[in-house]
1. Would you mind finding the one in Lys392, Lys386 that is in contact (Cβ under 8 Å) with a residue 24 or more places away in the chain, under 20 Å from Thr295 (Cα atoms), basic (Lys, Arg) and touching a strand residue (DSSP E or B) at 6+ places or on another chain (Cβ under 8 Å)?
2. Taking segment 189-228 on its own, how many of its residues are farther than 20 Å from Thr162 by Cα, of a type in the set (Gly, Ala, Ser) and surrounded by fewer than 17 Cβ atoms within 10 Å (Cβ to Cβ)?
3. Taking the residues in segment 38-60 that are at pLDDT 95 or above and either more than 18 Å from Pro94 (Cβ to Cβ) or over 21 Å from the mean Cα position of the chain (by Cα) (or both) as candidates, determine which candidate is surrounded by the most Cβ atoms within 10 Å (Cβ to Cβ).
4. Taking segment 365-413 on its own, how many of its residues are farther than 25 Å from Ile270 by Cβ and of a type in the set (Val, Ile, Thr)?
5. Are there strands (runs of 3 or more DSSP E) fully within segment 56-146 with at least 1 residues that are farther than 19 Å from Gln384 by Cα? List them.
6. Can you tell me which condition Thr350 does not meet? The list is (1) among the hydroxyl-bearing types (Ser, Thr, Tyr); (2) under 19 Å from the mean Cα position of the chain (by Cα); (3) in the same structural domain as Val60 (by TED's automatic domain parsing), and all the others hold.
7. Please work out if Ala341 is surrounded by 16 or more Cβ atoms within 10 Å (Cβ to Cβ), of a type outside the set (Val, Ile, Thr) and touching a Pro at 6+ places or on another chain (Cβ under 8 Å).
8. Return a yes/no flag: does segment 193-206 have any residue that is at positive phi and not aliphatic (A, V, I, L, M).
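The values are calculated or read from the model by the stated rules, or taken from the named source; none is laboratory data. As the structure is a prediction and not an experimental result, all values here were calculated from the model. Glycine gets a Cβ as well: all are built from the backbone with ideal geometry, and neighbour counts include every protein chain shown.
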Amino acid sequence: MIRHRLRAACLAVVLTMAAGTAIVTSAPTAHAAAPSGTPIAIGSVETQTGAAGQTGKVTVATDALAAWAKWTNAHGGIAGHPVNVTVLNDRGDPAQASVDLKQLAEQDKVLAVVGEDAASTEPTWKSYIESQKLPVIGGEAYSANWFTSPYFYPVDTGSLATIWGQMFSAKNSGKTKVASLLCSNLSVCQLAVPLVTSAAKDQGMNIVFNQLADGNAVNYTPQCLAMKASGADVISPQGINNVTLIRDCNRQNYKPLVITTNYSYTLQQIKDTPQFEGLVGPSPAMSPYNEYPPTKDYFAALKKYAPDYAPGGKKFETGGMLVALSAWQAGQAFAKAVENANVGASATVTRDDVVRGLSMFKNETLGGSNPPLTYSDGTSPNPQVKCFYLYKIKGGKYVENTQGGTEKLYCQP
């Protein structure tokens with residue numbers, strides 16, 4: 001992970017919320033000078049309200065980016081440039097997302113959209129992003145934009161490699177017969193059916209059950225009985241209510257290995273559901289729950305600037321931590337791009353500088369915190385990230401596969 005130690009500096013960052021907009025601005029503290037270079041403006045979009053099934057306001061990405069900006073500015077900024085962040089709420093509405101992007105690009109003059117958490121609207125961004133030559137760095141990378149547009153720069157594992165990693169995690173646990181149960185009420189699940197089949201076949205595993213089911217069903221007993229009859233020793237249930245699924249399968253004395261992904265369950269859910277014990281899965285990023293040397297700064301920044309999200313904090317138990325880590329890593333990727341571009345502290349950083357700095361990523365791991373990242377020069381789509389990490393639920397908590405004191409990285413050939 002990038003560690004900025006350019007000068008002994010400290011910068012206070014004030015987070016203000018107004019009309020669904022979060023703006024991070026910079027101001028020096030009384031006991032330390034702020035970075036003296038020209039300011040850098042970046043933006044992001046988060047679905048803070050309006051997502052299907054969402055209750056309350058979600059500001060995980062906003063808060064994580066605020067912590068990243070505070071930490072970065074307190075350690076000299078980015079090559080001497082202080083950084084400011086503006087985060088807008090798209091309300092889960094593509095039309096609002098369009099307004100947000102226009103404000104960020106044309107009014108706020110941001111250099112990049114960093115660490116977005118707007119999966120429902122991001123698929124609609126491509127045309128405008130390309131017209132503005134505005135880099136989108138990191139965040140939820142589920143649409144085709146991330147491997148068809150030169151201006152989308154994935155920081156975590158791509159969705160295709162994540163599906164491959166699900167099958168790998170099962171095979172790594174000694175399982176060979178797969179039951180694929182995907183949600184019927186989301187198109188993304190339906191599109192994943194052939195991908196799951198291909199990933200299993202690629203690794204010498206057999207799909208013995210392959211069906212769709214209502215992701216919000218109150219009972220999965222028929223599916224459990226059918227999967228049990230098929231001889232499946234592992235279930236890949238994506239978009240399904242796994243609490244209900246595991247409960248119903250247990251009632252039929254059917255207890256196969258269950259694959260999850262992306263740290264699907266909160267720590268509180270794990271505590272409340274003992275049947276989750278033994279679940280395995282891949283993650284597109286390092287653990288947001290257990291600290292390793294490459295994520296030392298991330299955990300230190302949360303503890304100092306966003307304690308609710310740090311271990312022991314009230315939001316640490318309730319989920320969204322992978323979003324927080326992804327936002328942080330997107331910020332780190334942006335910082336590395338600016339450093340690569342070697343723009344003097346007194347000069348003005350441009351979007352072209354950011355793209356040039358990103359093009360210098362060749363198997364860049366950001367200090368070991370990320371899968372290897374390689375980017376194009378802004379004229380062709382960026383390669384998909386095909387490496388991932390593995391975890392399991394053991395003893396009521398997440399446990400990762402490690403090697404040499406840090407998380408072990410696995411890659412799709």
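1. None of the others qualify; the one that does is Lys392.
2. Going through segment 189-228 one residue at a time, the tally reaches 1.
3. If we take residues in segment 38-60 being at pLDDT 95 or above and either more than 18 Å from Pro94 (Cβ to Cβ) or over 21 Å from the mean Cα position of the chain (by Cα) (or both), then Ile42 is surrounded by the most Cβ atoms within 10 Å (Cβ to Cβ).
4. Residues that pass the stated criteria total 4.
5. By residue number, 83-89.
6. Every listed condition holds for Thr350 apart from (2).
7. No; evaluated as a whole, the condition is false for this residue.
8. Checked against the condition, which is being at positive phi and not aliphatic (A, V, I, L, M), segment 193-206 yields at least one hit.
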